[in-house]
Amino acid sequence: MALSTATKPRPDDAAPAGTPGRRTRASRRRHRAEGVAGYVFLSPWLIGLMAITAFPMLFSLYLSFTNYDVLSSWELVEWVGLDNYRRMFGEDPAFWHAVTVTLTYALIAVPLKLAAALGVALLLNRERRGVGLFRSLFYLPSLLGGSVALALVWRAMFGGDGAFNSFLGLFGIQGEAWVNDPTWALETLMVLAIWQFGAPMVIFLAGLKQVPTELYEAASVDGAGRARQFWNVTLPMLSPVIFFNLVLETINGFQGFTSAYVISNGTGGPVYSTLLYTLHIYDQGFGEFRMGYASALSWVFLLAIAVITVIFFSTGRFWVHYSDGDD
């Protein structure tokens, strides 16, 4: 007699412990539990991302289309559409001045900083007595970062009675208050940025350690001198590291704020010669209490950095070379 279909045992139910069907269900349950545990452990980071980064960014995007001024109640906040952006490009001369100052600062300070970092890295690449101490000393300024204390020291050093003028006096040169001269104020900020080359220097050192010595030996056998070896071996092999440092330092250069704020007392002076773009955003948001306009400035700034980064990645394939031969 045939068994009724209602009483037929299912293959998975009839499978004894250790059979493939039972192992498959247990494996699915285990993977599901591991996934839940992973999200639980990630939850602090996800909550922080949403609360500290994502939500404020989206909220600032909304504010960029309003006349929000921080001090007024929400009932007085009006939707102004693209008025903040029209004002930015057509009615705010300080905007274009800040763009010019920031581009000048980044285009000069970043290449010189990377050149200094690479030069010192080449000098410290070989193992010599005391080289570890020198690496630490050169890296030390980067630990200070964009601290207020360092900017105050820098302002005092390049003031009228500062240490730099005292040094020039040893050679009979009459110095001036460099930070108060619109011709030289921005240059003092550039020197401060270049002086903090320790972080890219360490990255260059790590990249130099990865260059095979066989390449230098082969180039030497072919009669290449040190200059030719640097140009034909070191730079191509180091190009991924150069690209990495270039992207990071360019973004950091555009985001410069603390030194300009401290040295100019928050005014961008003298004569707006140190008015970096970030300082202009701060002045509009917390000085003039035009938070809606400051939000619009911030989003244009974000898009500009994104475009520059895309350009770097688009053009990098023409000059960045990898050891596996892929461009």
query: (i) 57, 50, 39; (ii) 63, 43, 40; (iii) 118, 77, 35: which one is Cα extents along the principal axes in Å as calculated from this entry?
result: (iii)
message: Could you order the peptides 166-178, 240-252 from most to least packed, using the average number of other C-beta atoms within 10 Å per residue?
response: 240-252, 166-178
task: Note the direction-averaged projected area, equal to a quarter of the hull surface, for the Cα convex hull of region 140-235, in nm².
output: 9.3
field: Mean projected area in nm² (Cα convex hull; one quarter of hull surface) for region 73-229
entry: 17.3
task: Kindly identify region 93-169 as rounded, prolate or oblate by the Cα gyration tensor criterion: order the square roots of the eigenvalues as a ≥ b ≥ c, call it rounded if a/c is under 1.5, otherwise compare a/b with b/c, prolate if a/b is larger, else oblate.
output: oblate
Inter-centroid distance (Cα atoms) of region 304-318 relative to region 238-285, Å: 19
- prompt: If you plug each phi of region 45-54 into the Karplus form 6.51 cos²θ - 1.76 cosθ + 1.60 with θ = phi - 60°, what whole-Hz ³J(HN,Hα) values come out, in order, with x for Gly and Pro?
  reply: 5, 5, 5, x, 4, 5, 7, 9, 10, 5
- prompt: Rounded to the nearest 500 deg cm²/dmol, what is the calculated helix-only ellipticity per residue at 222 nm for the chain, with -39500 (n - 2.57) per DSSP H run of length n ≥ 4?
  reply: -20000 deg cm²/dmol
For VAL80, residues with placed amide H under 5 Å, excluding near neighbours: THR66, ASN67
- prompt: Once the piece of chain linking TYR39 and VAL271 is laid out straight, how much longer is it, given 0.36 nm per residue of separation minus the C-alpha distance between them?
  reply: 78.2 nm
statement: Among LEU215, ALA98, PRO236, the residue whose Cα sits farthest towards the positive end of the charge dipole of region 90-316 (+1 at Cβ of Lys and Arg, -1 at Cβ of Asp and Glu, taken about the Cα centre) is LEU215
- request: Please find, in a Gaussian network model of the chain (springs between Cα atoms separated by less than 10 Å), the residue of THR66, THR213, THR274 whose mean-square fluctuation is greatest.
  value: THR213
message: Of the candidates ALA219, ALA156, ALA116, which one comes out as most mobile in a Gaussian network treatment of the chain with C-alpha springs shorter than 10 Å?
response: ALA219
field: Phi to ³J(HN,Hα) by Karplus 6.51 cos²θ - 1.76 cosθ + 1.60 over region 208-224, Hz, x for Gly, Pro
entry: 5, 5, 8, 6, x, 5, 4, 5, 5, 5, 5, 5, 5, 5, 7, x, 7
- line: From fewest to most C-beta neighbours within 10 Å, the residues PHE65, PHE89 line up as PHE89, PHE65
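Rule-based calculations on the coordinates, nothing more; no lab input. Everything numeric in this text was worked out from a predicted model, so none of it was measured. Backbone-built Cβ (ideal geometry, glycine too); neighbour counts: all protein chains shown.
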